[in-house]
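Peer 1: If you scroll down you'll find the structure; I have some questions about it.
The values are calculated or read from the model by the stated rules, or taken from the named source; none is laboratory data. Bear in mind the structure is a predicted one, so any value in this text is a computation, not a measurement. Cβ sites come from the backbone with ideal geometry, for glycine too, and all protein chains shown count toward neighbours. Remember, those area values only see protein heavy atoms, side chains included, never the ligands or the DNA or RNA. Shrake-Rupley method; radii C 1.70, N 1.55, O 1.52, S 1.80 Å.
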Amino acid sequence: MSGETQPAMIDPFGRHVTYLRVSVTDRCDFRCTYCMAENMTFLPKRDLLTLEELDRLCSTFVAKGVRKLRLTGGEPLVRKNIMGLIRNLSRHLQTGALSELTLTTNGSQLAKYADELADCGVKRINVSVDTLDHDKFRKITRWGNLGQVMEGIAAAQKAGIDIKINAVALKDFNDRELPAMIEWAHGQGMDFTVIETMPMGEIDVDRTHQYLPLSVFREQLEERWTLRDIPLKTGGPARYVEIAETGGRLGFITPLTHNFCEGCNRVRLTCTGTLYMCLGQDDAADLRATLRASESDEALSSAIDEAIGRKPKGHDFVIDRTARPSVGRHMSVTGG
Ligand code: SAM
Ligand code: SF4
């Protein structure tokens, strides 16, 4: 492929689709209470795309104008031979076709892979940390070990990878701790983003008790600190402020209190080759069948165009006591 930037895919609302998020596995070594039930049934291995198939699909998207690729999951770094896929995809960074190759991770395997990720051209990653208290961390992740994640973060920083910490805001769990977490992250030169809980997939707990509107959280923060809106765009849905007192950046991802769909530039691919044009809608396109039906990428390219032509205007997540999850699939299927 040449280093020239390809024309972007354009959806019916004129939005340029330049960002692909790929869930490379639905499996995970944690069981965060807001994300998964403790006893999850995962996809049978035969339904998964092979790493070669994932490479072919991602590369087709890159050829169609995708400039930013994020690997997520489940936990992307628990997929067997994941570094082989990342290494192969990094060729698109070298040609200039891709401007960013990144991932969202729980950090548990980072100490092992940080150097290799940096060597593949991964410049920044998102690491999810919901609390800095070891016991609470075990409680929220059920199976996670905070010490291991901290070692991973240190290894990534040492390898020169920029880190953004993602935390889901959970009422009566971490809301009072979040300011201290933000200070910690900013003190280490890391950006920080808070995420509202989204009603995705059946879990064991009632989400209405966990939901903390970020508009409320922001008001609380403004009593303590000076927040200044900044126009930072990272290609994702977060809106950023700069905090004068910490000198760092704080992002808000607010699907419930603020609809961020107007500027949506992304689509999501699952590990079975299903393309979701919106995180909050069920409509999807099965690219696996098309991929397997032909060795040429032509049919695949047309199937992608057809799917982009159906990208909806937006989502309508609702959290209320009586409703089932707005979207039946778990976040670990489509990735965050
Ligand atoms: N395992 C990796 C991790 O935890 O970073 C990547 C996948 S995880 C599904 C991606 C992000 O989605 C994490 O930051 C996680 O906290 C967030 N997440 C999971 N379930 C969510 C939910 N129901 N509402 C809001 N965010 C959620
Ligand atoms: Fe795993 Fe990430 Fe979901 Fe936690 S949020 S269970 S780490 S996929």
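Peer 1: With label points built 7 Å along Cα→Cβ from the Cα atoms of Trp184 and Thr272, find their separation and express it in nm.
Peer 2: Going by the 7 Å Cα→Cβ label model, 3.7 nm.
Peer 1: Picking from Leu214, Gly263, Leu232, whose Cα lies most toward the positive end of the charge dipole for segment 188-319 (charges on Cβ: Lys, Arg +1; Asp, Glu -1)?
Peer 2: Of the listed residues, the answer is Leu232.
Peer 1: Filter the trypsin sites (Lys or Arg not before Pro) in segment 33-129 to those in DSSP coil with at most 11 other Cβ atoms within 10 Å of their Cβ, and list the result.
Peer 2: Sites meeting the loop and neighbour criteria: Lys80.
Peer 1: Let me ask something additional. So what does Met9 come to for accessible area, using a 1.4 Å probe and Å² rounded to 10?
Peer 2: Counting only protein heavy atoms, Met9 exposes about 10 Å² to solvent.
Peer 1: Right, next: Can you spot the lysines whose alpha carbon is less than 16 Å from Lys45's alpha carbon? Ignore those fewer than 8 places along the same chain.
Peer 2: Lys80
Peer 1: Tell me the angle of helix 298-308 to the major Cα principal axis of the chain, expressed in degrees between 0 and 90 and rounded to the nearest ten.
Peer 2: Approximately 40 degrees, to the nearest 10.
Peer 1: Once you charge only the Cβ atoms, +1 for Lys and Arg and -1 for Asp and Glu, what is the size of the charge dipole of the chain about its Cα centre, to the nearest 20 debye?
Peer 2: Magnitude of the dipole: close to 380 debye.
Peer 1: List the cysteines in the chain whose Cβ has no other cysteine Cβ under 4.7 Å from it.
Peer 2: That list is Cys28, Cys58, Cys120, Cys261, Cys264, Cys271, Cys278.
Peer 1: Can I ask one more? Hey, what does the equivalent ellipsoid look like for segment 19-334, semi-axes from the Cα gyration tensor as sqrt of 5 times each eigenvalue, largest first, whole Å?
Peer 2: For segment 19-334, the ellipsoid semi-axes come out as 30, 23, 20 Å.
Peer 1: Do you know the relative contact order of the chain, to the nearest whole percent, from alpha carbon pairs under 8 angstrom that are 6+ apart?
Peer 2: Computed value for the chain: 22 percent relative contact order.
Peer 1: How high is the FRET efficiency between Asp162 and Glu53 when r is their beta carbon distance and R₀ equals 41 Å, given to the nearest 0.05?
Peer 2: Efficiency for this residue pair is about 0.85.
Peer 1: Further question on the same structure: Determine the alpha carbon to alpha carbon distance for each of Lys68/Lys164; Lys68/Lys171; Lys64/Lys112; Lys164/Lys311; Lys68/Lys139; Lys68/Lys313 and list only those over 23 Å.
Peer 2: Over 23 Å apart, Cα to Cα: Lys68/Lys171; Lys64/Lys112; Lys164/Lys311; Lys68/Lys139.
Peer 1: Grab the other residues whose beta carbon is less than 10 angstrom from that of Trp143, score K and R as +1, D and E as -1, and report the net.
Peer 2: Net local charge, Trp143 excluded: +1.
Peer 1: Work through the residues other than Pro12 whose Cβ is under 11 Å from its Cβ and net out their charges, Lys, Arg +1 and Asp, Glu -1.
Peer 2: Around Pro12, the charge tally is +3.
Peer 1: Which FRET efficiency, nearest 0.05, do Asp119 and Thr208 yield, Cβ-Cβ r, R0 51 Å?
Peer 2: 0.70
Peer 1: While we're on this one: At 0.36 nm per residue, and after removing the present C-alpha to C-alpha distance, how many nm does the segment from Glu219 to Arg87 gain when stretched out fully?
Peer 2: So the extension gain works out to 43.2 nm.
Peer 1: Here's another thing I want to ask about it. Asp172 versus Ala244, label points 7 Å from Cα toward the beta carbon: distance in nm?
Peer 2: 3.6 nm
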